[in-house]
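In what follows, a structure is listed as structure tokens, so that the remarks can point back to it.
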Amino acid sequence: LTFLGGPRACIGYRFALVEMKALLFFLVRNFEFELAVPAEDITRRPGVVTRPAVKSELSKGNQLPMFIRAASRDV
């Protein structure tokens with residue numbers, strides 16, 4: 001039985017989605033994200049889903065190099 005099982009779908013489906021969004025928000029807000037290459041070096045690669053790639057490294061495939069560090073807590 002899946003979450004999306006028609007009329008007998010799990011009643012906790014929406015609650016599970018809200019829980020995941022809350023967890024994701026909590027995790028993302030505790031980090032700072034910065035591009036590791038200049039923004040001009042990033043291009044879009046079309047497909048079923050548009051994905052980022054580094055212009056100078058197209059042979060390496062889809063990528064978005066970033067620096068990730070813990071967010072500073074200025075209270």
| message | In Å, what Kirkwood hydrodynamic radius results for the stretch 8-61 from the alpha-carbon pair distances? | response | 14.7
| task | Round to the nearest 10 and give me the degree value, 0 to 90, for the angle of helix 13-28's Cα axis relative to the longest principal axis of the chain. | result | 30
| query | Within a Cβ distance under 11 Å of residue 69, other residues only, what is the Lys/Arg minus Asp/Glu net charge? | reply | -2
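Just so you know, all these numbers are worked out from the coordinates, no wet-lab data involved. Source: prediction; values computed, not measured. FYI the Cβ positions are ideal-geometry reconstructions off the backbone, even for glycines, and counts take in every protein chain you see.
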